[in-house]
Amino acid sequence: MYVCICNGVTDRDIHRALENGDRNFRQVSKSLGVASQCGSCESLAREIIEEYKLQASPQTPFYAAI
Ligand code: FES
């Protein structure tokens, strides 16, 4: 699903960024460009990041780095 139309960023792209080390909205925005133009995608991107954090298990790289 496209999250950021302006930059062609999908929810999978956001998940991949989190798996590769991004830890919050600011880092995801910096690495993928989410919300860097019109900004209408920010709330959805934040929701996706928070959902990912809640689903992260102790075995995932994201959880281990917190
Ligand atoms: S939809 Fe993401 S910056 Fe416009």
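All other residues whose Cβ lies under 14 angstrom from that of ILE5 are scored, Lys and Arg at +1 and Asp and Glu at -1, for a net of -3. When each of ARG46, ARG26, ARG16 is scored by the number of other beta-carbon atoms lying within 10 Å, the sequence from fewest to most is ARG26, ARG16, ARG46.
From least to most packed, judged by other beta carbons within 10 angstrom and beginning with the fewest, ILE14, ILE5 follow the order ILE5, ILE14. Amide H contacts of VAL9: VAL3, CYS4, each under 5 Å away and 5 or more positions distant or on a separate chain (H built 1.01 Å from N in the peptide plane; Pro and chain starts excluded).
Both radii are taken from the alpha-carbon atoms of segment 2-65; with Rh as the Kirkwood radius, Rg/Rh is 0.96.
Read-outs throughout are calculated quantities, based only on the coordinates presented, and are distinct from any laboratory measurement. From a predicted model like this one, the values you see are computed outputs, not experimental measurements. Don't worry about glycine lacking a Cβ; one is built from the backbone with ideal geometry, like all the others, and counts go over all protein chains shown.
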